[in-house]
Each structure stands twice: as structure tokens, then as C-alpha cells.
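Shown next, in C-alpha cells, is the structure this report addresses.
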Amino acid sequence: MVMDMNTLCDLCTVFDFGALGFYGSDRPLDQRPHVYSLQERTFVQILQNLEHCIFCRTIAEFFSDWVRQLPQASISPENVKVEVKPYSMENSEGETKARLMRLQVLLSFPTSSPEFHFSMQLQKCSPHPPKVSELCKRESLIDSESGEEHAYGGRLRPLIADTLLFCKWNESCRAMHSDACSVVCSVGGQHHDLVDVEKWCVEDGSQLRRLRLVDVENRCVVEKRCVVEKRCVVDTEDGSQIPRRLRLLDPEYNENSSGYVALSYVWGEPKLKERLKKMPKLRKLTEDDFRKPKSLTREKILDTIDDAIEVTRSLRMKYLWVDCLCILQRDGRDSNPLVAKAVEADQLEFLPQMDLIYAFASVTIVAAAGTDASAGLPGIKSGSRTREQKPFTIKGVSLLRTLDPEGYDRYEFREKMRPSYLADFEWYRRGWTFQEMLFSGRALIFTPEQVYWQCQKASWCEDGLWEITKSPIIYRHCFTSTELRHPWASDASSFEKIYRKLVEEYSARSLTYQGDGLNAFEGILNALRRQAGQDFLWALPISFLDTALTWPCESSVERRKEEQIVSTYDHLVPSDPKPTRCPFPSWSWVGWKGKITFNSNFGSLNWATVGLIFYYLDNCGSIVQAPVQVHSNHFSISQREESLKHLASIEGSSSALAFDWKDQSRTIITPKDVPKSVLTRSIASNILFFWSSSAKLHIRHGGLDQIVISTADKSRELFGSWSHMPIPLLA
């Protein structure tokens, strides 16, 4: 039976499919008709309307796709809930507001634990959607379809990606945005004057003087000297000056296309396939072999790296940076102490400079799909993508299912802040990849069914006509938080805000090796040093050390522990079943595994404290005093503000907590004050030194949830409860 494309059931007739699409200057938001309200129904109702409703049949086909991806053996339709609702994307920048309206179908299985959600989005398209392969034949992708009615409309992508599209994206970005997308250190989206290139490359040894790279033409590892050009160009939008990119000293390389591509991916545990592949790593034993032309054969490297080599070639670039092939890796098979020292020196040179490596990359390839390095990049090899696009028409409106990532997850779609479209992927949950994306000015993001382009000015995708300039721009970043799109701050107030945000986001991610806890965040600290003038001690800002020590966390945190790893012929195995604590201090959040949450109870880094003066050991073993914190008199929580004001009036101080029990006669710490047995310990650099005073306090129950804390002579008492911050009162 041939179904009429205009036939809908009573439940689906309420949807105004014609209201889908783009609303901009030619189609203002105030003229947008009422689209539809949230509608919930059971899947049984969908099945009852299959024969006479084209939209119900579309949902049923979607359900079949969903069931095949679930880990359960079977799902009963009676237990599936269906929600149909509008989904909108809006631009947050520019004077002209715009919105892209789509239709979202959400399937859920509420009786499972955890509850599963799976969503599908439908986008508007032209009656004959353009094909990516046809568009790539044109001289330019930009504004390739005339008329705003086509802006952000759906298009057809091939199962095997047309890599010419990636090359055209890169060329279009460079032509339209100049070097604006090469700079990621900005405040509020505005680029700062970075004429002084020493802000990027400090003379204390953090400058990138050399890089190992994979030569994708000769398939081998090479080493190149590199410099940062000091001549600048002007951003055409805000007039600020921007430094040129990192240049590789390669006389055979075309200057106009010089640079390299970086790969961001998940190591994982490579699966054993037919050829028993293993993770390729640059070791002292393999370094000479990897430098030989054609040494990096497909049999020696995993699919993600092999595919990245092909994508780099398609971008018409010669070099690819991959961590496992460009930084010496530990090898448990070699017991030579000189080799161990060489590997340690190599990692100390490059690991703290991940910010520069990714910031100076021309493009970053993001392998978001897959849980390990054997997953490959979907769309590069045959069979790696499976979803065929089938446009259909309802009441004269042509629709196409989007290729945005979909899957079962634990996110609540009713939340105001939508999760990132990458949130379900292992790549998004890993610690190392966090800073890799933060510093990537341009990125090709590979998801299971389509590739995205993301730069500082635009976001494009394979399945939609997003390469437009004549209509208001809708920008979709993989970081949903705007704070993470322009994170680098230069003043104290904005520094605290972004520092807290970065720590919260990073601490929620996971690491394979807990000993990487600081290294995977070091690039972020380097950027904060340059942009905000802050220095750090074990990831805590030294200028706010006394308040930073009070970082809050969830109750589930635990100390970072690392298994001692040795290498066998095929893989890494733990040598000791009992993990040991990582060499991080307990007083820093970096020494703990788990979510750090700076909620309102934390207050501010600028809050007043008892004014302890801290000392620590620097890299040379000298005792150094941390800067004395200058406190602000402005607080955000009224209860604590009143408490501090009251306490200040008691102590006769108007600006800080000056307790009369505190011994002010001894504040300076010298080597004579610290036992030699402490200074010679392996954890000496983890120790904070300070003078303080002690007091004997009595705590008694004051009734209900009240507590009373008093001095030994009961001359002072502090009243409070277990549910809120104690407020000091006169006895």
C-alpha cells in the first residue's frame, strides 16, 4: 500500500512542519508561528497508527534503529515512552538574532536502571537536497545555496567521506577569518594584543624549539626545529594584532601551507584483531626504526593514527603530531637507567607544553568516536559509517534526519543547559583531551556518522548547509559553556571565575594513569600564567594560596593511586597488585580523584582568612615564601559578610581576621627551622611550612542541632549548628 505523504493521525496533525527551518533577517523571529507544544505518548499508540500516519511510521523506523544499539537483548514497546517536541538553536552573538528550529523525537525506557534516552532530530531541507560531493566541485563552499530559506538546511553526505570537503573547510576558514582562528587566548571573545611573543614562549625554557612529527608522505618520524614569527597581522574585525603561527624550519616545505596537524584521541585498550596490533609507541629501542622512511606501515600502527595520516594528506599538509609517536614513552623492558633518564627528560620537555603544541597546530583532528586508538575515524575507510540519509515529505515540507550523535545516555533532556553533542563519547570524558580541545583553534571532529568543523568564528557539519555569511551565524561549539569557549582571562575577578570552571570540568574527567593528574592540566596552568600573571603550586594559585587550600569536593573523592606498570611484549600489566599513592600533596585537589565543586558555600578566593604565611620548597630546594594574600572586603554571601564584620569589630580590625591568640612574633621560616630529615624526604616538595598557634577549645551540645564552641576559660563562645556556618558572638 502506498501511503499518502499528507496523511497524519490525530496526534500528529498538531505539528506545524512548515514552521521548521531557519529564522533570520528574511524570516524574523516575531513572525514565527506557534510550532507545537511538548507531546508525550506511548509507543503502542505509535504502532496503532503505522498504516495511516507517515510520521508515526518514521518514528517506528527510528525505534528499530534504537533497539539495535541497546545493550539489552530486547525492549518491550509497552514500556517505551515517546516525546515529540521542538528543538531550537539560537545565535548568542551579533545584533541580528536568529534561530534554527528542528523537531526532536525522544524515546525513553523509564523502567530500566539507569533510565535510557535516545533522540532523533529532523531538519528541514529542500525538495532535492544537495549532495556534499556536488558542492565540493564548486569553486567555493561559502553561500553555495542562494536564498535564506536554504540556510542551515539539510544536505546529503556520502558514507565514505569526501575529504575534499575538509580541505575546503580549512581553506575557507583561512580565507575568511585570517589568523583569528589561530589565537585561542582571548577574553570575552575579543583578541588581545599579543605582539610580545614572549607571552607565548617564555625564555625560561618553555619555548617550543623542536618537535618530532610524523611525515605523512614518507610515513616516518622526523624532527624539526621551529620558531614563532614576530611579525603580526591585524584582525579585520577588532583591529587587534595577532602573532603569526609557529613555523617549521623546513626548506622543502611551502611557506604558505607550513605547519602541522595534531591528533586528539583516546588511547584506551586496543582490541586484538587479525594482525594482533599493539599501541605503537616511540621508545629508545624503536626511535631509530621509526625514523626510517615507510617504517610506519598500516601493520604497525592502529587505525585511528592511520586514518589521521590520510586526513592530513587530504588537507594538503605534510606533518602530523601524535603523542605516542612524537614523545618518548616509558618502556619497562629496558632497565638501563640512562634510557629512563632520557625518557623522563623528553617528557619533561614536551608534556608541560601541550598548550603550545595544540595551539600552534594548523588543525586538530578529534577522534571523538570510539573508545580506543583502534577505532579509526568514521568515514575514512569503507564500512565505518552505516546510516543512509532518506529525505521524505510531509504536507509539502521536505525533512531529513540529522546525523548528530545519538545514543542512550543519562542526561535529562529537560534541563536548561543541553549537554554537548559529544557528551556521550569516551573522548569527552577523558582528562588529557580537555586541554587539547581548549587550545585547538581549528578542529575536525569525527563522530560516528558525520564530521564537524569547529574554529573560533564558525561551526560547520557534513549534513547541513552551515557555510553561510549572508545570514546571521549560528555557532555550535562542542563545549556548551560559553566560559570554556573564551577561557583565558587577564584580571583577578575573571581569573577566579574561569579557574574555578576549568578545575570543575577537568576534575570530573578520568585518567588512565592517575600519575598524569598534573601533567594533563599543566597546559591550562601555563595559559593562565601568561594571560592572568598567576603562578601555581601544585595547581593552586599561589597568590590566593590560603583560600585555595579550602577547595571543596564531593564526598566520593579518593586519593590518586597508581599501579606500578611494566611492559611485556604485547601489552602493559601491573607489576604490583597494590597501587601506591601518586606523588601529589594531599592539600591540593590535584592529589585527589573526583569532582571538585566550587559551590556558593566556598565563597571566593578573595575572602579574608586568618592570614597564615606559607613557605614551600622551589625546584632548587630553597625555602620560598608564598605571596601574602591581599583580601577583598566584598563578599557574596550575606551571612558570612555579617559574621566577618562582627568578628572584625571584636578584634579591632576592619580588613582581615586578626585573632589575638595568633602569635605574630614568628612568621619567617628559614632552613634552620625545618629538620633536615624533612628536607631530605622524597616528598619534601609536597610540604607546606607555616607558623601558627594552638588553642584548647571545648565543644558542647547546645540543644537540638546547636553547638557551642568555647575557649578553655569560657571567655569566648562561638554558636552555630551543623547545618550552616557558625556565627561568632560575644560571650
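The values are calculated or read from the model by the stated rules, or taken from the named source; none is laboratory data. Source: prediction; values computed, not measured. Methodologically, a virtual Cβ is constructed for each residue, glycine included, from the backbone with ideal geometry; neighbour enumeration extends over all protein chains shown. Keep in mind that these areas ignore ligands, DNA and RNA; they rest on the heavy atoms of the full protein, side chains included. Shrake-Rupley method; radii C 1.70, N 1.55, O 1.52, S 1.80 Å.
Just need a number here: residues in the stretch 322-359 that are more than 15 Å from E287 (Cβ to Cβ) and modelled with pLDDT under 85.
3
Is it true that E467 is farther than 30 Å from S382 by Cβ, at pLDDT 85 or above and either touching a Pro at 6+ places or on another chain (Cβ under 9 Å) or outside any helix (DSSP H, G or I) (or both)?
So E467 fails the test.
Which condition number does L644 fail, the rest of (1) within 24 Å of I542 (Cα to Cα); (2) modelled with pLDDT of 80 or more being met?
Going through (1) within 24 Å of I542 (Cα to Cα); (2) modelled with pLDDT of 80 or more one by one, L644 breaks only (2).
Kindly list, by first and then second residue, each pair from a residue in the stretch 704-731 that is part of a strand (DSSP E or B) to a residue that is polar (S, T, N, Q) and modelled with pLDDT of 75 or more, limited to pairs with Cβ atoms under 9 Å and residues at least 6 apart or on different chains.
E717/S710; E717/T711; L718/S710; F719/Q706; G720/Q706; S721/Q706
Name the residues in the stretch 502-534 that are open to solvent by 40 Å² or more (accessible area, probe 1.4 Å) and at pLDDT 90 or above, would you?
Of everything in the stretch 502-534, those that are open to solvent by 40 Å² or more (accessible area, probe 1.4 Å) and at pLDDT 90 or above turn out to be E505, A508, S510, N519.
Looking only at the stretch 358-371, decide whether some residue is over 24 Å from K168 (Cα atoms) and under 22 Å from the mean Cα position of the chain (by Cα). Give the derivation first.
Just the residues of the stretch 358-371 that are over 24 Å from K168 (Cα atoms), to begin with: 370-371.
Now drop any that are not under 22 Å from the mean Cα position of the chain (by Cα), which leaves 370-371.
Taking every residue of the stretch 358-371 in turn, at least one turns out to be over 24 Å from K168 (Cα atoms) and under 22 Å from the mean Cα position of the chain (by Cα).
Tell me yes or no: at least one residue of the stretch 354-377 is without any contact (Cβ under 8 Å) to a residue 60 or more places away in the chain and open to solvent by 10 Å² or more (accessible area, probe 1.4 Å).
No, the stretch 354-377 contains no residue that is without any contact (Cβ under 8 Å) to a residue 60 or more places away in the chain and open to solvent by 10 Å² or more (accessible area, probe 1.4 Å).
Quick one: would you say Q31 is modelled with pLDDT under 70, open to solvent by 80 Å² or more (accessible area, probe 1.4 Å) and not aliphatic (A, V, I, L, M)?
yes
Only residues that are under 21 Å from L348 (Cα atoms), assigned to a loop (DSSP other than H, G, I, E, B) and open to solvent by 10 Å² or more (accessible area, probe 1.4 Å): list them for the stretch 281-332, please.
Of everything in the stretch 281-332, those that are under 21 Å from L348 (Cα atoms), assigned to a loop (DSSP other than H, G, I, E, B) and open to solvent by 10 Å² or more (accessible area, probe 1.4 Å) turn out to be K281, R283, K284, L285, T286, Q329, R330, D331, G332.
For the stretch 506-547, enumerate the residues that are among the basic types (K, R) and in a helix (DSSP H, G or I).
Passing the criteria: R529, R530.
Tell me, which residue of the stretch 112-137 that is loosely packed, with under 13 Cβ neighbours inside 10 Å and modelled with pLDDT under 75 is farthest from the chain's Cα centre (by Cα)? Step through it out loud before you land on a result.
Let us first name the residues in the stretch 112-137 that are loosely packed, with under 13 Cβ neighbours inside 10 Å, namely 113-114, 127-128, 134, 137.
Going one step further and asking which of them are modelled with pLDDT under 75, we end up with 113-114.
Values: S113: 28, P114: 25 Å.
Result: S113.
Could we say that S588 is hydroxyl-bearing (S, T, Y), open to solvent by 30 Å² or more (accessible area, probe 1.4 Å) and modelled with pLDDT of 85 or more here?
No, not satisfied.
Taking G376 as the residue in question, decide whether it is over 30 Å from D516 (Cβ atoms), at pLDDT 90 or above and more than 19 Å from the chain's Cα centre (by Cα).
no
Take the conditions modelled with pLDDT of 90 or more, basic (K, R) and within 29 Å of F166 (Cβ to Cβ) and apply them to R313. Does it pass?
yes
May I ask you to list the residues in the stretch 426-448 that are assigned to a loop (DSSP other than H, G, I, E, B) and touching a Pro at 6+ places or on another chain (Cβ under 7 Å)?
Across the stretch 426-448, the qualifying residues are T447, P448.
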